[in-house]
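Undergrad: The structure follows.
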Amino acid sequence: LDLGIGALFGARMAASSEGPALGSVGLTAARADDLPRLLDLSPELLQEHEGFLSETGARELARVARAHTRTDLGLVLTGVLGPESGGPNHPVGQMFLALVSQDREKTIETRFVSMSRDEIRRWAAATALRMVLDHCREEEG
């Protein structure tokens with residue numbers, strides 16, 4: 001959901017030799033509060049998934065994003081960069097990446113304890129691009 005990660009992901013995708021061929025549609029929200037407006041989400045769905053700070057929540061958000069944008073893939077990165085935590089169950093550094101296609105779903109959860117916000121952003125953008133490229137290679141496969 002972080003604007004910096006969205007920008008880094010877009011730049012990395014454009015710089016990748018395979019990236020431009022993929023095309024893109026991007027939605028980036030700086031805060032979970034922006035999601036209902038961007039994706040026509042019901043407040044109940046947002047509350048049900050704790051602001052999408054879980055594996056199941058990230059996958060559901062990727063499904064909704066894919067359907068809303070009518071794309072082949074839905075990619076979501078959600079988490080808590082800090083400095084405040086997301087609550088007792090969501091410490092700073094907890095991140096979820098979800099990639100959803102018509103027939104496959106993949107989610108990664110990780111927690112960073114000693115990385116800066118910028119380091120987490122760079123990791124997230126690189127990992128998200130790797131997930132998309134790996135998915136496309138497997139599809140060709």
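Undergrad: Highest mean first, how do 103-109, 117-123 rank when packing is the count of other Cβ atoms within 10 Å averaged over residues?
TA: Highest-to-lowest ranking by the protection proxy: 117-123, 103-109.
Undergrad: Need one number: nm distance between label points at GLU119 and GLU55, each 7 Å from Cα along Cα→Cβ, rounded to one decimal.
TA: So the two model labels end up 2.5 nm from each other.
Undergrad: Expected output is a single nm value to one decimal: the length gained when fully extending between ASP134 and HIS68, i.e. 0.36 nm times separation in residues minus the C-alpha distance. What is it?
TA: 21.4 nm is the gain from fully extending ASP134 to HIS68.
Undergrad: Which order do SER116, SER16 take when ranked by solvent-accessible area (1.4 Å probe, heavy atoms of all protein chains), largest first?
TA: Largest to smallest exposure gives the sequence SER116, SER16.
The values are calculated or read from the model by the stated rules, or taken from the named source; none is laboratory data. A quick note: this is a predicted structure, and the numbers were derived from the prediction, not measured. We place every Cβ from the backbone using ideal geometry, glycine too, and count neighbours over all the protein chains shown. Just the protein is used for accessible areas: all its heavy atoms, side chains included, with ligands, DNA and RNA removed. Shrake-Rupley method; radii C 1.70, N 1.55, O 1.52, S 1.80 Å.
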